[in-house]
Amino acid sequence: MCDNSVPLSALVDAHMTGSDDWCSVKVHPQARKDVLVAVGPTRFEAWVKAQPVDGRANEAVAALLARHFRIPAQRLRLVKGHRGRQKVFRVLS
């Protein structure tokens with residue numbers, strides 16, 4: 001569920017390198033529902049029901065991003081923030 005839809009092609013800024021796109025996400029684990037909100041062209045805030053245990057919250061955020069961009073979750077890589085709330089995901093081409 002996305003409140004502000006930003007197409008993947010709109011992710012054009014300093015985060016673009018080569019043919020891969022990047023986006024940053026601020027995560028709020030243990031929320032009441034799963035929600036993804038675009039706060040900028042490459043910035044999102046995600047509220048996920050999953051607990052931040054054993055990577056469950058990371059997987060939930062990746063699933064939200066994949067649904068938002070309409071791509072398979074396998075095309076998303078968490079490159080920074082494995083244990084923190086600020087995360088950087090790479091969208092593989």
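Assorted remarks:
- Heavy atoms of the protein chains alone define the surface here; on that basis the stretch 38-93 has 60 Å² accessible area per residue at 1.4 Å probe size.
- Computed E for ARG32/SER93 - FRET, C-beta separation, R0 30 angstrom, nearest 0.05: 0.30
- Taking 17 Å as the straight-line reach from the Cα of LYS33, the lysines in range (excluding those fewer than 8 positions away in the same chain) are LYS49.
- For GLU45, solvent-accessible area (1.4 Å; no DNA, RNA or ligand), Å²: 50 Å²
- In the assembled protein chains, ASP20 presents an accessible area of approximately 20 Å² (probe radius 1.4 Å).
The values are calculated or read from the model by the stated rules, or taken from the named source; none is laboratory data. Being a predicted model, the structure only gives us computed values, none of them experimental. Methodologically, a virtual Cβ is constructed for each residue, glycine included, from the backbone with ideal geometry; neighbour enumeration extends over all protein chains shown. Remember, those area values only see protein heavy atoms, side chains included, never the ligands or the DNA or RNA. Shrake-Rupley method; radii C 1.70, N 1.55, O 1.52, S 1.80 Å.
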